[in-house]
Amino acid sequence: MDLHIKGQSVAVIGAGNGIGRAIAAGFLAEGCRVLGFDCQKTADFITEGDVTDLEAVQAFAAGFEQVDHVIFCVGVGSGKFGFPFWNVPPSDWARVLEINLIGAVNVAHAFAPKLITRGSGSMLFLVSVAGQMGSQTDPPYSASKAGLINFTQCAAKDLGPHNVRVNALAPGMVNTELNQSIWAAGQAKLLEANRVSFDDWAAEKIKKVSHLGRWQMPDEYAAMACFLASDHAKNITGQTINIDGGQVMHA
């Protein structure tokens, strides 16, 4: 399928690692001009900055004479095992909400005027199945992604009259640093004799939560992100699309 997005300009926020890096690579493979923004400069096309710093995000956006698509791929957890929720004190919520939710709002504020002026284009926010089912593993993370799903719908309604589409893409079990941090936080609460390796933990969790019983891979999200940026998706907006092996269906 020819997506007809060659030559388009794409901003990938969180392009340095994991799904964000795969999405940046996917758009580059389609012949797009990609500029990334991340907390660490891991490639020449990436600008180092903090999504919670509105001025830094606005300065990054100002570097685009024209932008066609904006992808927000940022997500952090509390670093603690949150079951039950009182294991994570309120003081540990602020950073997660500031990065995962307010960071996305900063990006939307910085880029919306450019998309409105262009009169076309799209935004895509990486959320999580956790934001749809009240995951007890990390309540601050879960709540931040639920808030971002709701903001996606608000932004889609506001930008729709300007022919700008806004969607959310929800990963399930992906072998990234975030899932490894969840495993580490859970293991830290167990006695040494009860601890398991990351591979064993992941295999058991996938068996429990995924109807298809396998990892999801970063390049799957890259493929969907590129599709959603194309005219093949011209009537898709305000949606949360799950690539999760059936995890939400099991919730």
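The values are calculated or read from the model by the stated rules, or taken from the named source; none is laboratory data. What you see is a predicted model; the values in this text were computed from it and never measured. Note that each Cβ is placed from the backbone with ideal geometry, even for glycine, and that neighbours are counted across all protein chains shown.
Filter region 152-171 for residues that are buried (at least 19 other Cβ atoms within 10 Å of the Cβ), part of a helix (DSSP H, G or I) and of a type outside the set (Ser, Thr, Tyr); which is farthest from the chain's Cα centre (by Cα)?
Applying the filter and picking the extreme gives Leu159.
Could you look through region 91-136, keep only residues that are part of a loop (DSSP other than H, G, I, E, B) and either among the aromatic types (Phe, Trp, Tyr) or crowded, with 16+ Cβ neighbours inside 10 Å (or both), and pick out the one that is modelled with the lowest pLDDT?
Ser135
Quick check on my filter: what residues within region 195-214 are among the hydrophobic types (A, V, I, L, M, F, W, C), within 18 Å of Val174 (Cβ to Cβ) and surrounded by fewer than 17 Cβ atoms within 10 Å (Cβ to Cβ)?
Correct list: Phe198, Ala203, Leu212.
Just to verify a result, which residue in region 172-194, among those that are exposed (fewer than 13 other Cβ atoms within 10 Å of the Cβ), in a loop (DSSP other than H, G, I, E, B) and modelled with pLDDT of 70 or more, is farthest from the chain's Cα centre (by Cα)?
This residue is Leu190.
Can you tell me which residues in region 35-45 are under 28 Å from Lys6 (Cβ atoms) and within 17 Å of the chain's Cα centre (by Cα)?
Listed by number, the residues that qualify are Leu35, Gly36, Phe37, Asp38.
Filter region 8-50 down to the residues that are among the polar types (S, T, N, Q) and part of a loop (DSSP other than H, G, I, E, B), then identify the one that is surrounded by the most Cβ atoms within 10 Å (Cβ to Cβ).
If we take residues in region 8-50 being among the polar types (S, T, N, Q) and part of a loop (DSSP other than H, G, I, E, B), then Gln8 is surrounded by the most Cβ atoms within 10 Å (Cβ to Cβ).
For Ala94, state whether it is more than 22 Å from Thr152 (Cα to Cα) and without any contact (Cβ under 8 Å) to a residue 24 or more places away in the chain.
no
Here is a yes/no grid of residues against (1) in contact with a strand residue (DSSP E or B) (Cβ under 7 Å, 6 or more places away or on another chain); (2) of a type in the set (D, E, K, R); (3) assigned to a loop (DSSP other than H, G, I, E, B); (4) without any contact (Cβ under 8 Å) to a residue 60 or more places away in the chain:
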site	(1), (2), (3), (4)
His211	no, no, yes, yes
Arg214	no, yes, yes, yes
Ala223	no, no, no, no
Phe227	no, no, no, no
Ile236	yes, no, yes, no
Val248	yes, no, no, no
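Inspect region 70-86 for any residue being over 23 Å from Gln239 (Cβ atoms), in a helix (DSSP H, G or I) and either in contact with a Phe, Trp or Tyr (Cβ under 8 Å, 6 or more places away or on another chain) or modelled with pLDDT under 95 (or both) and give the result as yes or no.
The answer is yes, given that some residue of region 70-86 is over 23 Å from Gln239 (Cβ atoms), in a helix (DSSP H, G or I) and either in contact with a Phe, Trp or Tyr (Cβ under 8 Å, 6 or more places away or on another chain) or modelled with pLDDT under 95 (or both).
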